[in-house]
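Following: one structure in structure tokens, then a few remarks.
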Amino acid sequence: MSDKPVLWITRKLSPATEARAARDYDVRLNPEDRVYSGDEIVAMSSEVDAILPCHSEIFSADVASRLSDRVKIIANHSVGVDHCDLAALKARGIVVTNTPDVLSQATAEIATLLMLAAARRAGEGDRLVRSGQWTSWSPSFMVGTQLTGKRLGIVGMGRVGLAFAHMVKGFDMELHYYNRRRLPPEKEMNGVYHETVEQLLGHCDVVSLHCPASPATLNLMNSARLSLLPDGAILVNTARGSLVNEAALIDALKSGKLAAAGLDVFQREPGGNPELSKLDNVFMLPHIGSATRETRDAMGFRALDNLDAFFSGHEPSDRLV
Ligand code: DGY
């Protein structure tokens with residue numbers, strides 16, 4: 001029998017991550033890559049010392065209360081931890097970590113892609129060419145919004161928000177942002193700080209969401225806040241679906257209040273929202289903000305770094321509780 005800690009990796013991770021994990025731990029893998037239910041997580045917990053889950057495994061208060069005492073650490077393979085009831089896990093004495101930093105660039109790339117695709121009608125164009133229905137061209141055909149010189153509003157100027165602001169500097173957009181705390185001047189990139197989201201929204205031709213999901217940000221973009229945007233604005237969301245009230249978003253996209261939206265995250269995942277799918281002016285991706293080979297390795301290694309620190313008696317650098 002191995003004397004290594006038993007580690008359950010709940011989803012199929014990058015080959016390099018699984019190889020490193022197998023070298024250092026007694027691993028339980030999930031080669032079929034299926035999603036485990038709360039009851040299955042609880043059942044499995046009595047066989048393992050540590051769990052390395054993704055945001056697809058839900059550690060609700062109920063699941064946390066039923067986890068085996070054997071589980072000492074949950075080392076998430078995600079920066080977002082809204083799938084974990086941190087207070088309930090803390091109450092059980094279970095350490096929880098995440099993987100900040102390493103996915104900021106990849107997620108900023110997807111935010112850039114969504115902003116461009118929404119502004120320049122990329123989804124519509126692709127569908128047209130692909131369907132064989134592209135039968136004519138004229139100067140009034142598929143005219144979109146130019147981003148150069150427009151106002152970009154960032155809600156949540158943390159790691160990803162900042163990476164996105166840096167990445168799109170070449171568009172010469174006027175930067176505005178909301179953050180719980182104003183950034184120091186050397187980090188602000190000449191952006192205009194707004195003390196509330198409401199104050200920010202009137203200054204956004206494009207608004208991009210980069211704040212964590214929490215009870216405070218649930219339905220952040222509701223109909224009242226969407227109405228504060230200038231007519232014809234564009235909404236980008238790479239953070240979490242719960243930040244946007246999708247019924248209000250659909251109304252705004254139908255009425256023309258919003259010219260377009262670019263979404264990588266949805267209230268219901270996987271699956272998305274069939275009502276959004278009926279609209280031409282929304283460009284959607286299936287939650288792939290961090291899905292690059294480089295970032296998947298980096299996320300896996302970061303989660304393993306946290307586990308290694310914990311099992312060698314040190315403080316994991318990304319400990320949340
Ligand atoms: C994250 O890390 O939070 C991404 O959304 C992928 O889970």
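Where a number appears in this text, it was derived from the coordinates with a stated rule and is not lab data. These numbers come from a predicted model, not from an experiment. Positions of Cβ are generated from backbone atoms using ideal geometry, with glycine treated the same way; all protein chains shown enter the neighbour counts.
Of the residues that make up region 69-86, is at least one over 19 Å from F310 (Cβ atoms) and polar (S, T, N, Q)?
Narrowing region 69-86 to residues over 19 Å from F310 (Cβ atoms): 80, 82-83, 85.
Those still in the list that are polar (S, T, N, Q) too: none.
Within region 69-86 (the criterion being over 19 Å from F310 (Cβ atoms) and polar (S, T, N, Q)), the answer is no, since none of the residues qualifies.
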Looking at (1) surrounded by 15 or more Cβ atoms within 10 Å (Cβ to Cβ); (2) closer than 24 Å to P286 by Cβ; (3) within 16 Å of the ligand (Cβ to nearest atom), which is the only condition D33 fails?
-> (1)
Subset of region 82-97 [crowded, with 23+ Cβ neighbours inside 10 Å and outside any strand (DSSP E or B)] | L89
Within region 53-84, the residues that are within 16 Å of the ligand (Cβ to nearest atom) and over 13 Å from the mean Cα position of the chain (by Cα) are P53, E57, I58, F59, I74, A75, N76, C84
Between a first residue in region 91-109 that is among the charged types (D, E, K, R) and a second residue that is away from the ligand (no atom under 13 Å from the Cβ) and assigned to a helix (DSSP H, G or I), which pairs have beta carbons less than 8 Å apart while being 6 or more apart in sequence or on different chains?
-> R92/A64; R92/S65; E109/M167
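One line per residue, one yes/no per condition, for (1) more than 16 Å from the ligand (Cβ to nearest atom); (2) crowded, with 18+ Cβ neighbours inside 10 Å; (3) without any contact (Cβ under 8 Å) to a residue 24 or more places away in the chain; (4) not in a helix (DSSP H, G or I):
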{"position": "T112", "(1), (2), (3), (4)": "yes, yes, no, no"}
{"position": "M115", "(1), (2), (3), (4)": "yes, yes, no, no"}
{"position": "G125", "(1), (2), (3), (4)": "yes, no, yes, no"}
{"position": "V129", "(1), (2), (3), (4)": "yes, no, yes, no"}
{"position": "S138", "(1), (2), (3), (4)": "yes, no, yes, yes"}
{"position": "G153", "(1), (2), (3), (4)": "yes, yes, no, yes"}
Restricting the search to region 171-205, which residues are in contact with a Phe, Trp or Tyr (Cβ under 8 Å, 6 or more places away or on another chain), within 17 Å of S223 (Cα to Cα) and outside any helix (DSSP H, G or I)?
-> T196
Residue ID - farthest from E47 (Cα to Cα), chosen from residues in region 67-78 that are surrounded by 24 or more Cβ atoms within 10 Å (Cβ to Cβ) and in contact with a Leu (Cβ under 9 Å, 6 or more places away or on another chain) | H77
Quick one: T107 ticks every box in (1) within 16 Å of the ligand (Cβ to nearest atom); (2) in a loop (DSSP other than H, G, I, E, B); (3) of a type in the set (S, T, Y) bar one, so which box is it?
-> (2)
